[in-house]
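Novice: Just passing along the structure, written as structure tokens.
The values are calculated or read from the model by the stated rules, or taken from the named source; none is laboratory data. All values derive from a computational prediction rather than experimental measurement. Virtual Cβ from ideal backbone geometry, glycine too; neighbours counted across all protein chains shown.
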């Protein structure tokens, strides 16, 4: 008999830990390869983790709601293989994992009870440091986090403490200036909302809380400006109607309008690199890859943004295949963390809900997001060699929200106009 150690899997470059939200097995259960073991949740995605081997669950090292670092042992499976060395090594790892689990628990116990009132996530280590250094929750909330989604990490707290120490030794005038500059901004007043007898109070789920926090973070980080244009997409509509059946038969993919929008956006991003960027303090990071995220509505009402990597290097067939695959797996919670991270630009399709115009919020740390509206038939003036005539055309609105710290109206307007021109100039005779 031997033992196989199940580790907390790596969930993307920026994810360092995950919360175990559910166990599908218990100690003593017999399992087969690919049976689901447990479910985990991160700020980015929820995932179900399958077993890589057949065997019996010998030990479960973490309970539900435990926050576990990537790479830590979470369970041990006893297999039928003969390997005494493996068994011995496993026992050592188990002891180590038990010790780490106890350490995490101790850190949690040290944390102030008022952490429950916070809308931000703090790891047990950060909570422990805050407790030892007498940093109140109110003070901790003012610390800018360097982790994913603005998460406060150990080094952020240590840097903050070092800064406080420097202020104590500074001259009086310098100290006063530093104190004024670093003074926490007053929190927005909490609304005093009354609940009537006929009202129903619904608790936000975990994902909705994360979305809420990120939307507030985005609008307070980046001054949003929105530009809107109306574009004639008649050629796109006629082309899709002509080829969609052949496309499905040839490639096994349902052809929607979104891949065409993604293609136009990717082309424009290469021409306008400032829109494919991020802001880091007073520095602008021009992204080398064009990774376009597309918002997908899930059955539970929440949104998720899977990312098509290197969208500018894919043709319409590749974009369609990628979009359909990501969207289908997004709706069934089958996406991996790497598939919803690394975006450099986003698209939100308001037209899905028959909306004409939307003003989307930027997906940080990106600097712009495009919204596509509903396609409708409208009378329009069309120029012909014989003169202007009225005709029925397919029209839609495009709206672009962008970060006014680095993108002015002229640049933002030129970018969205370029996307509109690419759609209007689409070749109705294009081959698939």
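Novice: Can residue 322 be described as surrounded by 15 or more Cβ atoms within 10 Å (Cβ to Cβ), in a strand (DSSP E or B) and at pLDDT 95 or above?
Specialist: no
Novice: Across the range 34-63, what is the total count of residues that are closer than 15 Å to residue 206 by Cα and not in a strand (DSSP E or B)?
Specialist: 4
Novice: May I pose another question? Regarding residue 227, is this residue touching a strand residue (DSSP E or B) at 6+ places or on another chain (Cβ under 9 Å) and in a strand (DSSP E or B)?
Specialist: Considered against the rule, which asks whether it is touching a strand residue (DSSP E or B) at 6+ places or on another chain (Cβ under 9 Å) and in a strand (DSSP E or B), residue 227 comes out as yes.
Novice: For residue 362, only one of the following conditions fails: (1) more than 16 Å from residue 262 (Cα to Cα); (2) out of contact with any helix residue (DSSP H, G or I) (no Cβ under 6 Å at 6 or more places or on another chain). What is its number?
Specialist: Status for residue 362: all satisfied but (2).
Each row is one residue, and each column tells you yes or no for (1) buried (at least 20 other Cβ atoms within 10 Å of the Cβ); (2) more than 30 Å from residue 282 (Cα to Cα); (3) touching a helix residue (DSSP H, G or I) at 6+ places or on another chain (Cβ under 9 Å).
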| position | (1), (2), (3) |
| --- | --- |
| 369 | yes, no, no |
| 374 | no, yes, yes |
| 387 | no, yes, no |
| 390 | no, yes, no |
| 400 | yes, no, yes |
| 403 | yes, no, yes |
| 415 | yes, no, yes |
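Every residue, every condition in (1) assigned to a helix (DSSP H, G or I); (2) surrounded by fewer than 18 Cβ atoms within 10 Å (Cβ to Cβ); (3) not assigned by TED's automatic domain parsing to the domain that holds residue 361, yes or no:
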position: 231; (1), (2), (3): no, no, no
position: 249; (1), (2), (3): yes, yes, no
position: 260; (1), (2), (3): yes, no, no
position: 278; (1), (2), (3): no, yes, no
position: 289; (1), (2), (3): no, yes, no
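Novice: Could you figure out which of (1) over 15 Å from residue 9 (Cβ atoms); (2) exposed (fewer than 14 other Cβ atoms within 10 Å of the Cβ); (3) touching a residue at least 24 places away in the same chain (Cβ under 8 Å); (4) over 25 Å from the mean Cα position of the chain (by Cα) isn't true of residue 65?
Specialist: (4)
Novice: Same structure again: Output yes when any residue across the range 193-213 is under 30 Å from residue 284 (Cα atoms), touching a helix residue (DSSP H, G or I) at 6+ places or on another chain (Cβ under 7 Å), in contact (Cβ under 8 Å) with a residue 40 or more places away in the chain and surrounded by 15 or more Cβ atoms within 10 Å (Cβ to Cβ), and no when none is.
Specialist: No, there is no match, as no residue in the range 193-213 is under 30 Å from residue 284 (Cα atoms), touching a helix residue (DSSP H, G or I) at 6+ places or on another chain (Cβ under 7 Å), in contact (Cβ under 8 Å) with a residue 40 or more places away in the chain and surrounded by 15 or more Cβ atoms within 10 Å (Cβ to Cβ).
Novice: Given the options 361, 369, name the one that is over 28 Å from residue 252 (Cα atoms), part of a loop (DSSP other than H, G, I, E, B) and assigned by TED's automatic domain parsing to the domain that holds residue 405.
Specialist: None of the other options fit; the residue is 361.
Novice: Any residue in the range 177-192 that is at pLDDT 90 or above and either out of contact with any strand residue (DSSP E or B) (no Cβ under 7 Å at 6 or more places or on another chain) or surrounded by 12 or more Cβ atoms within 10 Å (Cβ to Cβ) (or both)?
Specialist: No: zero hits.
Novice: Being within 28 Å of residue 216 (Cα to Cα) and either outside the structural domain of residue 310 (by TED's automatic domain parsing) or modelled with pLDDT of 95 or more (or both) is true for just one of 426, 397. Which residue is that?
Specialist: 397
Novice: Please work out if residue 407 is in a helix (DSSP H, G or I), at pLDDT 95 or above, crowded, with 22+ Cβ neighbours inside 10 Å and touching a helix residue (DSSP H, G or I) at 6+ places or on another chain (Cβ under 8 Å).
Specialist: No, not satisfied.
Novice: Here's another thing I want to ask about it. With the requirement that a residue be in contact (Cβ under 8 Å) with a residue 24 or more places away in the chain and farther than 12 Å from residue 375 by Cβ, what does the range 243-257 give you?
Specialist: 243, 246, 247, 250, 251, 253, 254, 255
Novice: Say whether the condition of being under 19 Å from residue 212 (Cα atoms), assigned by TED's automatic domain parsing to the domain that holds residue 371 and touching a residue at least 60 places away in the same chain (Cβ under 8 Å) is met by at least one residue in the range 308-330.
Specialist: The answer is no, given that none of the residues of the range 308-330 is under 19 Å from residue 212 (Cα atoms), assigned by TED's automatic domain parsing to the domain that holds residue 371 and touching a residue at least 60 places away in the same chain (Cβ under 8 Å).
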